[in-house]
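Just below is one structure, and these are the notes that go with it.
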Amino acid sequence: MTTTRFAPSPTGYLHIGNLRAALFNYAIARQNGGTFVLRIDDTDQERSKDEYIQGIKDDLTWLGLTWDRVEHQSARMDMYLDAKQKLIDMGRLYECFETPIELDLKRKKQLNMGKPPVYDRAALDLSEAEKDALRAERGSHWRFKLDHARIEWDDEIVGTISIDAASVSDPVLFKNDGQILYTLASVVDDTEMGMTNVVRGSDHITNTATQIQIMQALGGTIPRFAHHSLLTGPQGEALSKRLGTLALRDLRAQGVAPQAILSLMARLGSSDPVELRATVQEIVDGFDISKFGSAPTKFDADDLGPLTARYLATLTADDVAETLANVPAEQRPAFWAAIKGNINSLDDVAGWWTFFQKGPSAPLIADEDREFVAQAFDMLGNPPYADDTWSTWTSAVKEATGRKGKGLFMPLRKAVTGLERGPEMADVMPLLQSKPKV
């Protein structure tokens with residue numbers, strides 16, 4: 001059975017970059033009737049917070065990405081320690097004692113000599129007596145001993161990948177303070193949970209190579225890997241500098257529709273055009289990981305506005321009943337029908353209702369139209385207005401002033417609404433609660 005996972009670290013709120021991994025893994029699981037696991041990678045106890053865990057769940061729920069079960073790495077420490085001992089017994093995990101400063105000096109020396117900055121495995125040459133002496137004065141970390149052979153796999157996005165393990169440092173699996181690192185914990189979990197597919201960012205490619213060897217050493221089955229491209233800003237700039245403004249919770253607060261986000265992210269970076277989809281199921285049905293490329297993908301948050309507007313225009317008053325709670329029930333259908341094609345988010349609704357109650361904050365009246373508008377408003381009675389008020393009124397104004405076409409309709413629209421464009425005026429007039437003022 002297909003099993004995938006989304007494995008965020010609860011050290012912050014989810015941002016738009018995290019969403020690609022969540023959505024891709026979710027779609028693969030749902031397309032195949034499989035299991036989608038939300039795995040909280042909380043081995044970093046100091047930085048992991050309950051508020052971030054809840055935030056992750058809230059964001060996924062808002063998007064409609066439901067999980068089948070939740071796992072917490074913090075509850076699985078014994079399994080990681082068992083794997084540690086197994087690797088030690090196999091001679092594949094060894095203790096090292098270099099400090100960060102010593103490692104940095106080694107890297108600089110190798111670079112100055114024109115060599116790749118790969119760990120030299122000096123710890124393997126230490127005698128037991130030397131190790132005991134070092135343990136007495138400093139902490140230690142543990143590295144996985146890579147088999148210096150080529151590591152290859154067929155990536156579902158990037159294609160065939162081949163990495164020479166000799167060009168990569170033996171990865172640290174346990175830090176000096178005993179913290180279990182992602183590299184090992186993820187392998188143990190993916191193996192024990194039977195992950196069949198793993199989709200994550202292309203910045204994990206080298207990490208995947210080392211994890212494949214660890215997985216093989218522990219007797220696990222290698223899943224199908226896919227590494228999606230990383231997002232950049234619209235000009236190709238690093239997106240990481242803007243992630244504070246691209247948290248999913250912030251986009252939600254800005255009134256962006258979840259369907260807009262999912263529709264964009266399900267196609268962005270693929271050979272298929274972005275198409276608005278109304279439901280998560282439609283997005284899953286149209287998802288094809290083989291259509292994605294490996295080149296960096298430009299993301300522009302401004303694209304979410306038009307998609308949100310298009311989505312909102314498809315909804316009925318009943319669909320947004322909570323947002324329309326302050327509008328009298330008998331007026332909601334007409335009110336929503338009038339404005340839904342003229343809003344970019346549900347946050348705009350309140351402003352429109354205020355307008356219908358009190359009129360525009362500032363009518364737009366050109367000096368040359370002021371006398372005309374005053375005459376026209378004198379010919380308009382008091383509300384309530386009927387469905388035919390706009391046509392009856394403008395016909396009477398045309399007859400009285402001789403104005404017609406754009407010269408007739410545009411000054412009246414701007415005076416009544418304070419806008420140059422907006423809902424059909426025939427829909428606006430019956431909703432007005434007070435007579436327009438010059």
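The values are calculated or read from the model by the stated rules, or taken from the named source; none is laboratory data. Note that the structure is a prediction, hence the values are computed from the model and not measured. So basically every Cβ, Gly included, is an ideal-geometry build from the backbone, and we count neighbours across all protein chains shown.
Give the residues of segment 165-174 that are out of contact with any helix residue (DSSP H, G or I) (no Cβ under 8 Å at 6 or more places or on another chain) and either in the same structural domain as ALA226 (by TED's automatic domain parsing) or assigned to a helix (DSSP H, G or I) (or both), sorted by residue number. Listed by number, the residues that qualify are ALA166, SER167. Within segment 26-39, residues that are on the phi > 0 side of the Ramachandran plot reach partners that are part of a loop (DSSP other than H, G, I, E, B) with beta carbons closer than 8 Å, at six or more positions or on different chains, in the pairs GLY33/MET1; GLY33/THR2. Within segment 230-244, the only residue that satisfies the criterion of being modelled with pLDDT under 80 and among the polar types (S, T, N, Q) is SER240. Taking the conditions (1) touching a residue at least 24 places away in the same chain (Cβ under 8 Å); (2) more than 13 Å from the chain's Cα centre (by Cα) in turn, LEU248 satisfies each one other than (2).
Just to be sure before I move on: is ARG332 within 30 Å of ASP302 (Cα to Cα), within 46 Å of the chain's Cα centre (by Cα) and modelled with pLDDT of 95 or more in the structure I sent?
yes
Just so you know, in segment 128-184 the residues that are hydrophobic (A, V, I, L, M, F, W, C) and more than 20 Å from ARG92 (Cα to Cα) include one that is surrounded by the most Cβ atoms within 10 Å (Cβ to Cβ), and it is ILE157. Would you check which residues across segment 366-414 are surrounded by 17 or more Cβ atoms within 10 Å (Cβ to Cβ), more than 27 Å from ALA334 (Cβ to Cβ) and within 49 Å of the chain's Cα centre (by Cα) and list them? Selection gives ASP369 alone. Restricted to segment 179-266, the set of helices (runs of 4 or more DSSP H) holding at least 2 residues that are basic (Lys, Arg) comprises 248-253. Name the single residue that is farthest from THR35 (Cα to Cα) among those in segment 208-231 being surrounded by fewer than 17 Cβ atoms within 10 Å (Cβ to Cβ) and polar (S, T, N, Q). Here the answer is GLN216.
Among the conditions (1) in contact with a strand residue (DSSP E or B) (Cβ under 6 Å, 6 or more places away or on another chain); (2) surrounded by fewer than 16 Cβ atoms within 10 Å (Cβ to Cβ); (3) in contact (Cβ under 8 Å) with a residue 40 or more places away in the chain, the only one that ASP58 does not satisfy is (1). Inclusion of THR417 among residues that are within 19 Å of ILE343 (Cβ to Cβ) and crowded, with 18+ Cβ neighbours inside 10 Å is warranted. Residue count for segment 70-84 under the criterion of being more than 13 Å from ILE53 (Cβ to Cβ) and of a type in the set (A, V, I, L, M): the result is 4. Only one entry in ARG39, ARG20 is assigned by TED's automatic domain parsing to the domain that holds ALA226, under 30 Å from SER167 (Cα atoms) and buried (at least 16 other Cβ atoms within 10 Å of the Cβ), namely ARG20.
For SER162, the stated conditions hold: it is small (Gly, Ala, Ser), in a strand (DSSP E or B) and either out of contact with any helix residue (DSSP H, G or I) (no Cβ under 6 Å at 6 or more places or on another chain) or in the same structural domain as THR196 (by TED's automatic domain parsing) (or both). Inspect all residues belonging to segment 252-266 and state whether any of them is among the small types (Gly, Ala, Ser), under 23 Å from ILE53 (Cβ atoms) and either out of contact with any helix residue (DSSP H, G or I) (no Cβ under 8 Å at 6 or more places or on another chain) or buried (at least 19 other Cβ atoms within 10 Å of the Cβ) (or both). Yes, because at least one residue in segment 252-266 is among the small types (Gly, Ala, Ser), under 23 Å from ILE53 (Cβ atoms) and either out of contact with any helix residue (DSSP H, G or I) (no Cβ under 8 Å at 6 or more places or on another chain) or buried (at least 19 other Cβ atoms within 10 Å of the Cβ) (or both). Scanning segment 40-93 for residues that are of a type in the set (Ser, Thr, Tyr) and out of contact with any Asp or Glu (no Cβ under 8 Å at 6 or more places or on another chain) returns THR43, TYR52, THR61, THR66, TYR80.
Checking each residue in segment 49-92 for being within 30 Å of LEU146 (Cα to Cα) and within 29 Å of the chain's Cα centre (by Cα) picks out GLU71, HIS72, GLN73, SER74, ALA75, ARG76. Scanning segment 114-154 for residues that are without any contact (Cβ under 8 Å) to a residue 24 or more places away in the chain and part of a loop (DSSP other than H, G, I, E, B) yields GLY114, LYS115, ASP120, SER127, HIS148, ALA149.
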